[in-house]
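First comes the structure, then the notes that go with it.
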Amino acid sequence: MSDDLPDILAGPLLRRAAPRRLVLWLAASRALELQLTLSSDEGDRTHDLSAATTRLAVGTHAHLHLIDLQLDDPLPLDVVIGYDLAYRVAAEGECSEWEGAGWRSMRDWGESLCYDGEPLPTLVLRSRYDNLLHGSCRKPHHPSQDGLVRADRWLSERHRDSAARPAALLMTGDQIYADDVAGPMLAAIHSLIARLGLHDECLEGTDIASGSELYARDETYYHRDDLLPAIRSTEALREKFFGGVRKPIFTTASAENHLITFAELLAMYLLVWSPTPWRLIEVEMPQLAAEELDRYRGEQQHIDAFVAGLPGVARLLAHLPTLMIFDDHDVTDDWNLSAAWEAAVYEHPFSRRIVGNALIAYLLCQGWGNDPDGLAEPLEACRAWIDSASASGRLDCERQNQLVTQLLRFTGWGYTIDSTPRLVVLDTRTRRWRSERRLHHPSGLMDWEALSEFQQELLEEPSVIIVSPAPIFGVKLIEGIQRAFTWFGKPLLVDAENWMAHPGAAHTMLNILRHSRTPQRYVILSGDVHYSFVYAITIRQRRNSPRMWQITSSGLKNTFPDTLLDWFDRLNRWLYAPWSPLNWLTKRRRMAVDPYYPERASKGERLWNRAGVGQILLDDQGAPCEVTQLGSDDCDTRFHEAHR
């Protein structure tokens, strides 16, 4: 029944924001009519959002509201603006008739989204992108604390100061882990699917006919890896799920609870962005073997801690303009790693559907809010598919397959923000430079056409901020290990995905950065690797060389194994020191790479292994003047140049 459900399930999330345009995302249990009141020193403005809102009924009691408000009169810059997203509820079955005449203000329903002393959430439209928060890799059941919760605490201390507010929060990949899900999280997902009546779907290429049949099988807890990865499975499981037919190939090592259906992915997004869905469900533990039961209980402690921090996460996302881009775990580990991987996965209907479902969920929950204009066409196709759901709540199978095909061919996931400096966000996952001679070798992160388009975005710009989910300038030792495993034909064992893994993509990217008509200052923001570091890069023997900074913050809620990273850091310093022959043999197009050093680090330490969120301050020329990792444990670390 819907009567005992709250109207608002998650949000609002403040997405792309500019003086003449505000984009917000909201999930509700009912179709809502919305209006937005903006309050500043210039007075109040109230906007009817009927024409600005796209509603998508993704379940019986689940409605996404995608809000794109374009303003005739620009909003003021660099001042605190309060906003009130008020609503009233549609009468049953009739979006044109509304229950009652009154509006529910956020003063009534959004108190938890406000900082102390504020009656409403606020936003600031910064005139310059000179203060940014950024991070990647947020795994709910990782034992570290949540970097987004730390960002909320940090903002709570300065939210009234418009000059101290970041221009944006950049989430640079792995906002969810679709391929690495804790048992308690999967159980919560299935409970929320039932509670909200999220639409069901058919499944092809497996003997499981539908999502609802999949959810009912306890044996799929901690055993979905027998369905997915490229490992030898038992005859019994292969017969049970695939009728003895060769199963699809996935590569993640943590796929025991890999998400499969569109409903599972939607539920995951609701559960990682809002505390409200957790209050609506009673999670029942599945039937598990003794070893799995111990694991489930251990994961439950980490999930409980994660859920406790979600009110702060929801508040942060309501206050900061937030831009996102996918990396592999938003879909599946090693997504599009090589041409051979693509052939194996996309030729099997089951694995093709899994990737497609993740892309549909990304489109609705992440991608559209970055670039509503660029994603208008796939959004319309998605809306038509969702609207075709039957009265029983089953999504049309053939239309779903057509939508998946359209999204797999889509080339517009990257985007540009005309800020100062300009922000260019790269899609390093779907437009790969495939190795044609060695299909199992890693593909380049962007192909020639995508790199050419990227260069056009840079021409004649004095400075630019680039979001590349994987660092363009990484740790040479780790790249060398990945190169060695690739040479032996085992790139999947070491996640061999870096810019230097494919000579064509690497050389083209480095040549773009060296081009005389491209910017004099580059700030490259990255994640992916589960540790943080800062490099300053110049071109040797060139007068007026452009200056570049590779700034990596990872992860929001993830870390690298401590001992292993410590050894990598030490060996990298020894083997690739300035005087080392290895360093001379591996120079990147005559580029000098100088590391920054984290405060309180041991002598020579360059890689910082703490969960948290990065903050970067830029000067008037677009160069970093302060780089800090805000630790999720409240221990902040500033990075300094070597001469300081």
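The values are calculated or read from the model by the stated rules, or taken from the named source; none is laboratory data. All figures in this text were calculated on a predicted structure; none of them were measured in a lab. FYI the Cβ positions are ideal-geometry reconstructions off the backbone, even for glycines, and counts take in every protein chain you see. Only protein heavy atoms, including side chains, enter the accessible area calculation; ligands, DNA and RNA are left aside. Shrake-Rupley method; radii C 1.70, N 1.55, O 1.52, S 1.80 Å.
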Among residues of segment 592-617 being modelled with pLDDT of 90 or more and touching a Pro at 6+ places or on another chain (Cβ under 6 Å), the residue most open to solvent (accessible area, probe 1.4 Å) is 608
Has segment 349-359 got any residue that is of a type in the set (Gly, Ala, Ser) and more than 17 Å from the chain's Cα centre (by Cα)? yes
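Take the residues in segment 39-81 that are assigned to a strand (DSSP E or B) and farther than 22 Å from residue 7 by Cα; name whichever of them is least open to solvent (accessible area, probe 1.4 Å). Break it down into steps so the answer makes sense when it comes.
Going through segment 39-81, the residues assigned to a strand (DSSP E or B) turn out to be 39-40, 43-48, 53-59, 62-70, 80-81.
Imposing the further condition that a residue be farther than 22 Å from residue 7 by Cα reduces the set to 39-40, 43-45, 70, 80-81.
Values: 39: 34, 40: 30, 43: 29, 44: 113, 45: 56, 70: 121, 80: 52, 81: 1 Å².
Filtering segment 39-81 for residues that are assigned to a strand (DSSP E or B) and farther than 22 Å from residue 7 by Cα, the one least open to solvent (accessible area, probe 1.4 Å) comes out as 81.
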So residue 29 clears everything in (1) within 25 Å of residue 77 (Cα to Cα); (2) in contact with a Pro (Cβ under 7 Å, 6 or more places away or on another chain) except one condition, right? Which one? (1)
Name the single residue that is farthest from the chain's Cα centre (by Cα) among those in segment 456-470 being open to solvent by 40 Å² or more (accessible area, probe 1.4 Å) and either charged (D, E, K, R) or farther than 16 Å from residue 622 by Cα (or both). 460
By residue number, the members of segment 398-428 that are open to solvent by 10 Å² or more (accessible area, probe 1.4 Å), over 17 Å from residue 387 (Cβ atoms), among the polar types (S, T, N, Q) and in contact with a Phe, Trp or Tyr (Cβ under 9 Å, 6 or more places away or on another chain) are 419, 420
Out of the strands (runs of 3 or more DSSP E) lying entirely within segment 492-552, which hold 1 or more residues that are small (Gly, Ala, Ser)? 521-526, 533-539
Filtering segment 376-413 for residues that are under 25 Å from residue 197 (Cβ atoms), under 21 Å from the mean Cα position of the chain (by Cα) and touching a residue at least 60 places away in the same chain (Cβ under 8 Å) leaves a count of 2
Quick check on segment 337-344. Is at least one of its residues of a type in the set (S, T, N, Q) and either surrounded by fewer than 22 Cβ atoms within 10 Å (Cβ to Cβ) or assigned to a loop (DSSP other than H, G, I, E, B) (or both)? no
Restricting attention to segment 276-299, report how many residues are assigned to a loop (DSSP other than H, G, I, E, B) and touching a residue at least 60 places away in the same chain (Cβ under 8 Å). 9
Among the residues of segment 361-379, are any open to solvent by less than 20 Å² (accessible area, probe 1.4 Å) and either of a type in the set (Asp, Glu) or in a loop (DSSP other than H, G, I, E, B) (or both)? yes
For segment 262-307, give me each residue that is farther than 25 Å from residue 355 by Cα and of a type in the set (Asp, Glu). 282, 284, 291, 292, 294, 299, 304
Check off (1) closer than 27 Å to residue 128 by Cα; (2) touching a residue at least 24 places away in the same chain (Cβ under 8 Å); (3) in contact with a Phe, Trp or Tyr (Cβ under 9 Å, 6 or more places away or on another chain) for residue 619 and give me the number that stays unchecked. (3)
Members of segment 27-38 found to be open to solvent by 10 Å² or more (accessible area, probe 1.4 Å) and under 20 Å from residue 391 (Cα atoms), listed by number: 30, 31
Subset of segment 255-281 (residues that are modelled with pLDDT under 95 and either out of contact with any Leu (no Cβ under 8 Å at 6 or more places or on another chain) or hydroxyl-bearing (Ser, Thr, Tyr) (or both)): 256
Residues that are hydroxyl-bearing (Ser, Thr, Tyr) and at pLDDT 90 or above: does segment 510-520 have at least one? no
Just the residues that are among the charged types (D, E, K, R) and surrounded by 24 or more Cβ atoms within 10 Å (Cβ to Cβ), please, taken from segment 9-25. 15
